Amino acid sequence: MSFLRGSLNYVWCTTSVLGKGATGAVFQGVNKNNGEPVAVKTFNQLSHMRPHDVQMREFEVLKKVKHENIVKLLAIEEEQDGRGKVIVMELCTGGSLFNILDDPENTYGLAESEFLLVLEHLSAGMKHLRDNNLVHRDLKPGNIMKFISDDGSTIYKLTDFGAARELQEDQQFVSLYGTEEYLHPDMYERAVLRKPVGKMFGATVDLWSIGVTLYHVATGNLPFRPFGGRRNKETMFYITTKKASGVIAGTQTSENGPIEWSRELPQNCQLSTGLKKIVTPLLAGLLEVDPQRIWNFDRFFMEVTNTLCRKPVHIFNVHKASLIKVFLHPEEKLIALQTHIQEQTEVAPFSQILLLGEILLLNLIKESTPGKGYPMTTEEKPLMLFAKENNNVALPIDLELLKFPVFANLVSVENDASQAKVACSVGHVCKRRIDRLSHCSRLFRDAVEAFIGLVASELTKLLEKSQRSKEITKAVEDTVTAVQRGEALGQQILKKFGSPSSSEVKNWSNDLSSKSNELLSSLGPAISQLHYRYVKEGNLRAEWENSTRGFWCPWLSKASFRAATLVDRLRDGWQHLLRDRATRSLTYNDEQFHVLERIKVTETGRRLKALLETECVPSMTQRAECFADWYKMAQTVFLQTRILNKDVENYERTLELFSDRLSMESRVAHENLTRSLERLPGQLTTLEKSSAPSEENAKVWKNICKEQEEIAHTVYENCVLIDQLLNETCFPNASSGEEDEENSEHV
């Protein structure tokens, strides 16, 4: 019997099966002219029994659509032995999404990045179908293919348009197509339960199938699962039709048992909490059965666009040793980001310290900056979240790890392959937890360096501000001296000419001295001491290194690489047992190797679990405790720095007010002196008539004029210097001040 079949330009082998359906099969083939691999869909006898127009519908649909997310049609040719037409399509080497989900690595759903890719590509393909007034009517993971392009990127594509047809938005149809787990309840009632319901169906039945598919992709399981699966059809119909609005899953775990309803995605799926918050309402809308609340395609496309346009902000929460994600809308501001963070961490916005590297986020953006203007973050370089009012650190509590399966004493190629697959699934969960702990151990180190950098930067700025304040104080002191000398000289002049002033010279020096003592004797030394200890000597870094010295670190010991090696060994054992299952019967020698593979799987699972539970978890618990103790010290230094900074700013404001008062009152004194001097010429004329000015009086006048000129010049220079220094001094905004007041009260 020949397994080779062909058409004019293509040839394929019937043993290279890519997939089978009710009306045909898909084989891997080759282009005779260039050797390019292709996928060839052939049709069976059941397909040829359908009406001719139905048979031709798939060809017409494929000719009509042309989109990156729909499998490309290459040719429609006649099979050489007269068996009918075949469809030649591009080959998707990544396989179907159903097969991908069947892999042990994806037992609990796809990774977040891959889920978002499926969501984007599935909705784009469906958008193209609806733009051409087409319905698919058999959407499911098995009809979504993974295409690997030449540059290595992944593209998911819709395929199998055997049930597709043209249908306007307001049109309906009565024919039944689809796979029962993904069918809309109304179609399920007629197609599966065989009830003579006179209902017609619209294009929105595809939305239900999309919802079930996306739930399957996100979790690795179907959303509605009666006990016993397909054989319990009435319960399946009950679950899908009786669920409340907003419920996205219903599971029955025992015969005739209660239904466990859920409005949330399961905790063990790989989506982050931030994405779950966005995807859950999307799934609820797609899986709606109430005619008044059911979505249309425009709503679906709008919600998907709203989801995909969001910017992921990666944040490492040091107090839970966990990496979180916030999906920020392009127009959302800082307060929205802080609110999202609070929802996931319980750290209030006013208590959040957000660092990117060693720089405060608020130094990189403004409060009004929209999300699209935020700096890029990654899992390797996230924002670091510290709380001002909390120095506790605790590892997040994981779900209890499933146990590695135990092989039965008797060899069974069927059961052994299944058990090995379960072992691989548990192994992948172990590996993901080890990867997370290893990554967090590195982020702890990065968080320490970031906070040390922040404290050093703040202390350096504070020291510079303190030095500037001292320079301003010195300039003000010189000005005070000049002003007092000028006022005293004016009093002497008036007294010399017999017109003493009734006002006394104010003692500005004592007033300034009482204010500057705070800076010179208290603030300045405290700031210098902090700067010396934590910047020059590096006490914070030394404290962290001393506290963690000798502790095992998952990241430095390459725990993730070790876990990957062990998982590869598990998968290798599983593949070996799968091959044994395919042979059905084993020779004596093959059975001995089969037993050895079972031992390898068991031992590898034990080692992987030990790596997680006896090395990584205890190590991270120790590091979390060390970080909590270290952060208490670092937090105290940081708050002291903020309080001292506020004290220096208060002193600067006090000094500024003093300078303003000095300037105003000295100007008034100068004006009074000027008016008094204007009355002196008449008295000077009388004196000239009575006696000629002596040489001594002339010398006094010369000294007076010279001294007044020096005083005026000094006052002018000092005023200019004060203005320059005050302009260079940066005063924080009101909100920063309020935060510092709260910090001050807390300390």
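Checking the conditions here, which among Leu644, Leu677, Leu687, Leu611 is at pLDDT 60 or above, more than 30 Å from Glu449 (Cα to Cα) and either part of a helix (DSSP H, G or I) or assigned by TED's automatic domain parsing to the domain that holds Thr548 (or both)?
Leu677 is the lone residue from the list that is at pLDDT 60 or above, more than 30 Å from Glu449 (Cα to Cα) and either part of a helix (DSSP H, G or I) or assigned by TED's automatic domain parsing to the domain that holds Thr548 (or both).
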Would you confirm whether any residue within region 257-274 is within 18 Å of Leu116 (Cα to Cα) and part of a helix (DSSP H, G or I)? yes
Pick out the one residue from Glu90, Glu79, Glu58 that is surrounded by 15 or more Cβ atoms within 10 Å (Cβ to Cβ), among the charged types (D, E, K, R), touching a strand residue (DSSP E or B) at 6+ places or on another chain (Cβ under 9 Å) and at pLDDT below 85. Glu58
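What strands (runs of 3 or more DSSP E), lying completely within region 312-404, carry at least 1 residues that are among the hydrophobic types (A, V, I, L, M, F, W, C), closer than 23 Å to Arg445 by Cα and in contact with a Pro (Cβ under 8 Å, 6 or more places away or on another chain)?
Values: elements: 322-328, 352-356, 383-387.
In region 312-404, 322-328, 352-356 are the strands (runs of 3 or more DSSP E) which contain 1 or more residues that are among the hydrophobic types (A, V, I, L, M, F, W, C), closer than 23 Å to Arg445 by Cα and in contact with a Pro (Cβ under 8 Å, 6 or more places away or on another chain).
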For region 10-25, state whether one or more residues are within 17 Å of Leu91 (Cβ to Cβ), over 48 Å from the mean Cα position of the chain (by Cα) and part of a loop (DSSP other than H, G, I, E, B). no
Name every residue in region 286-324 that is more than 23 Å from Asn133 (Cα to Cα), among the charged types (D, E, K, R) and over 15 Å from the mean Cα position of the chain (by Cα), in order of residue number. Asp290, Lys320
Restricting region 277-291 to residues that are out of contact with any Gly (no Cβ under 6 Å at 6 or more places or on another chain) and of a type in the set (A, V, I, L, M), the residue that is surrounded by the most Cβ atoms within 10 Å (Cβ to Cβ): Val279
Among the residues of region 1-23, count how many are touching a residue at least 24 places away in the same chain (Cβ under 8 Å) and either surrounded by fewer than 13 Cβ atoms within 10 Å (Cβ to Cβ) or in contact with a helix residue (DSSP H, G or I) (Cβ under 8 Å, 6 or more places away or on another chain) (or both). 4
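Output yes when any residue across region 400-421 is within 31 Å of the chain's Cα centre (by Cα), surrounded by fewer than 17 Cβ atoms within 10 Å (Cβ to Cβ) and not aliphatic (A, V, I, L, M), and no when none is. Let's see the steps before the verdict.
Here is the first cut: in region 400-421, the residues within 31 Å of the chain's Cα centre (by Cα) are 400-402.
Narrowing the set further to residues that are surrounded by fewer than 17 Cβ atoms within 10 Å (Cβ to Cβ) leaves 400-402.
This time we only want the ones that are not aliphatic (A, V, I, L, M), so: 400.
Yes, there is a match, as at least one residue in region 400-421 is within 31 Å of the chain's Cα centre (by Cα), surrounded by fewer than 17 Cβ atoms within 10 Å (Cβ to Cβ) and not aliphatic (A, V, I, L, M).
Given the condition part of a loop (DSSP other than H, G, I, E, B), surrounded by 19 or more Cβ atoms within 10 Å (Cβ to Cβ) and on the phi > 0 side of the Ramachandran plot, answer yes or no: does some residue in region 129-137 qualify? Break it down into steps so the answer makes sense when it comes.
Restricting attention to region 129-137, the residues satisfying the condition of being part of a loop (DSSP other than H, G, I, E, B) are 132-133, 136-137.
Okay, now just the ones that are also surrounded by 19 or more Cβ atoms within 10 Å (Cβ to Cβ), so 136-137.
In the following step, the residues that additionally are on the phi > 0 side of the Ramachandran plot were identified as 137.
Yes, region 129-137 contains at least one residue that is part of a loop (DSSP other than H, G, I, E, B), surrounded by 19 or more Cβ atoms within 10 Å (Cβ to Cβ) and on the phi > 0 side of the Ramachandran plot.
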Within region 363-393, restricting to residues that are free of Cβ contacts under 8 Å to residues at least 12 places away in the same chain and among the aliphatic types (A, V, I, L, M), the one that is farthest from Asn317 (Cα to Cα) is Leu364
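Test of understanding: among Arg584, Arg606, Arg623, which residue is surrounded by fewer than 18 Cβ atoms within 10 Å (Cβ to Cβ) and either of a type in the set (Phe, Trp, Tyr) or at pLDDT below 95 (or both)?
Details: Arg606 fails: either of a type in the set (Phe, Trp, Tyr) or at pLDDT below 95 (or both); Arg623 fails: surrounded by fewer than 18 Cβ atoms within 10 Å (Cβ to Cβ).
Testing whether each residue is surrounded by fewer than 18 Cβ atoms within 10 Å (Cβ to Cβ) and either of a type in the set (Phe, Trp, Tyr) or at pLDDT below 95 (or both) leaves just Arg584.
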Which residue pairs have Cβ atoms closer than 8 Å, lie 6 or more positions apart in sequence or on different chains, and pair a first residue in region 647-668 that is assigned to a helix (DSSP H, G or I) with a second residue that is aromatic (Phe, Trp, Tyr)? Glu649/Phe731; Glu652/Phe731; Arg653/Phe731; Leu662/Trp508
Does at least one position in region 161-184 carry a residue that is at pLDDT 75 or above, among the aliphatic types (A, V, I, L, M), closer than 20 Å to Leu116 by Cβ and outside any helix (DSSP H, G or I)? no
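The values are calculated or read from the model by the stated rules, or taken from the named source; none is laboratory data. Predicted model only: the values in this text are computed from it and were never measured. All Cβ positions, even for glycine, are placed from backbone atoms using ideal geometry, and neighbour counts span all protein chains on display.
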